[in-house]
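Have a look at the structure below before the remarks.
Just so you know, all these numbers are worked out from the coordinates, no wet-lab data involved. Owing to the predicted nature of the structure, the values given are computational and were not obtained by experimental measurement. Note that we place each Cβ from the backbone using ideal geometry, even for glycine, and neighbour counts take in every protein chain shown.
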Amino acid sequence: MKPRKRIASISEEKRASVAAYNREARRVVVLAREHGLICPVSLKVFRVEVHVEEIHHLRGKGCEALRHDKRGWMLINRLGHFWAGNNRKKARELGFLCPLGKWGTPFKPGEPPMPGSVASWKNWERAEF
C-alpha cells in the first residue's frame, strides 16, 4: 500500500503571499520606529506616548487585496490594537476603524486612503513605506 501524502494546510501561493506581507509589514514598522512614530490610539485614548509596534488593518485583512493595501494600514502599538478591537464603537468614532458597512471591502481603484493610514501620510512613498 502506498503511503498517503499529507495535504498542505496552506497552498504554496498563499504561503508566499503571507511571507511577502510579513516582510513588508516588518519593514514598515522598523522604518516607523526609526522615525520615532507614536501610536495615535495610545496618544488619544490613554494620553501616553508609546512607539508603534505593529500594523492595524482599518478595514480588516480577510482578503489579499486588503492585506497588502497600505491605504488601510495604520501603525499602532499592542495596547492600542487591543483597545480598538474591544471598543469598536468608540474606535470608529475616533477613526481607528472603518465606517460601518466598509469592513472587509477592498479599496476601489482611485479611492483615497483612510485618514491615519500609512498611505495618507505626506511623502510616504519617499520615506520608502
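Taking the fewest neighbouring Cβ atoms within 10 Å as the starting point, the ordered list for CYS98, CYS39, CYS63 is CYS63, CYS98, CYS39.
Quote the charge dipole size of the chain about the Cα centre in Debye, to the nearest 20; the model charges only the Cβ of Lys and Arg (+1) and of Asp and Glu (-1). Walk me through the numbers on the way to the answer.
On the way: 26 positive and 13 negative charges, 126 e Å.
Around 600 debye, computed over the chain.
For HIS56, nonlocal amide neighbours, meaning residues 5 or more places apart or on other chains whose placed amide H falls under 5 Å from its own, are MET74, LEU75, ILE76.
Scanning residues 5 or more positions from ASP69 or on other chains, none has an amide H under 5 Å from its amide H, with H placed 1.01 Å from N in the peptide plane.
Which FRET efficiency, nearest 0.05, do LYS14 and THR105 yield, Cβ-Cβ r, R0 22 Å? Each step should come with its number before you reach the end.
Working: r = 21 Å, r/R0 = 0.94.
Step by step, r from the Cβ atoms, then E = 0.60.
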